[in-house]
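Presented below is the structure to which this report refers.
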Amino acid sequence: VQHTSVFARLDEFENKSGMIHISEISPGRIRNIRDYVKEGKVIVCTVLRINLERGYIDLSLRRVSDMQRRNKVNQIKQEQKAEKIVEFVAKQVKKPMETVYKEIKQTLEKHEYALLYPCFEDFVIEAVTFKELEIPSIYLKILEEVVKQRIKPPEVSISGKLKLQCYEPNGVEIIKKALKKGLKAGDNIDLKYLGAGKYGLVIKAEEYKTAEKVLKNVTNAVTKE
């Protein structure tokens, strides 16, 4: 850390480092650069420019949004989890962790997987098999078992509210029937009574588009009934 710039080691790229100018640390005036960065602190940056001739890499800390930062930190945690799985496999086959990791990583890179975790996730949802990805047979069975145990299918959830009114003498029964129709319109639906004719819906699915489609089907079924 210097007065007007910071030099950062890029952990994901071996033997590479980049520079963050003070203007790219934080918006507004900076009185003390060390209020934002310290030696040894891990931060998430975005790459602004790369000068291939001189080997300079310009980075920015202030241009990283909170969502990008969270996503990157989450990606790192997921990859660490995947590495722990490989470490377990290495112990089972009694081979050095570095050797097993290198063999599996190089195999997956041939099939467009830059990281381990996305591949393991695809295996869990049965989008791929380790056999078709040509994982060495010595690791195949152990890797399949451990990944199934330690990685759950990805899941997102969206919520919505329904407000139902009925002035018929048997209005409660009509509303119950309508809600039952809605619950049959999809899977993984959680319904709660919120009071005063209001109901909360939580839909869980593998991706947002699927969850949104289910939510639409539920509301359509209820309102039609």
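Quick note: the coordinates plus some simple rules give every number you see, no bench work behind them. Here the structure is a predicted model, which means the values were calculated and not measured. Note: ideal-geometry Cβ built from the backbone for every residue, glycine included; neighbour counts use all protein chains shown.
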| note | Rounded to the nearest whole number, the Stokes-Einstein translational diffusion coefficient of the stretch 27-78 at 37 °C and 0.692 mPa s (Kirkwood radius, C-alpha pairs) in µm²/s is 252
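Using Cα pairs closer than 8 Å and at least 6 residues apart in sequence, work out the relative contact order for the stretch 35-176, in percent.
15
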| field | the chain: calculated mean residue ellipticity at 222 nm from DSSP helix runs of at least 4, using -39500 (n - 2.57) | value | -14000 deg cm²/dmol
| remark: Per the rule of 0.36 nm per residue minus the C-alpha distance, extending Asn32 to Arg62 adds in nm 9.3 nm
| task | Take the alpha carbon atoms of the stretch 84-141, find their center, do the same for the stretch 174-225, and report the distance between the two centers in whole angstrom. | result | 39
| Taking the mean number of other Cβ atoms within 10 Å as a proxy for protection, how do you rank 112-121, 1-10 from highest to lowest? | 112-121, 1-10
| message | Taking the Cα centre as origin and putting +1 on Lys and Arg beta-carbons and -1 on Asp and Glu beta-carbons, what dipole magnitude results for the chain, to the nearest 20 debye? | response | 940
| remark: Each label sits 7 Å from Cα toward the beta-carbon; between Asn220 and Glu12 the label points are separated, in nm, by 3.9
| Taking the structure as given and computing volume of the Cα convex hull per residue in Å³, which label from (1) 140; (2) 118; (3) 207 fits? | (3)
| message | Rounded to two decimals, what is the ratio between the C-alpha radius of gyration of the stretch 115-225 and 2.2 N^0.38 Å? | response | 1.55
| said: What Kirkwood Rh does the stretch 1-100 have if only Cα atoms enter the pairwise 1/r average? Answer in Å. | reply: 15.7
| message | For a Förster distance of 22 Å, can you work out the FRET efficiency between the beta-carbons of Val202 and Lys163, rounded to the nearest 0.05? | response | 0.85
| field | Debye, to nearest 20: dipole size of the stretch 184-225, +1 on Lys, Arg Cβ, -1 on Asp, Glu Cβ | value | 160
| message | List the pairs from Lys163/Lys184; Lys131/Lys204; Lys105/Lys131; Lys148/Lys180; Lys192/Lys213; Lys102/Lys209 whose alpha-carbon separation is above 26 Å, in the order I gave them. | response | Lys131/Lys204; Lys148/Lys180; Lys102/Lys209
| query | Can you give the FRET efficiency for Lys141 and Gln2, using 1/(1 + (r/R0)^6), R0 = 45 Å, r = Cβ-Cβ distance, to the nearest 0.05? | reply | 0.30
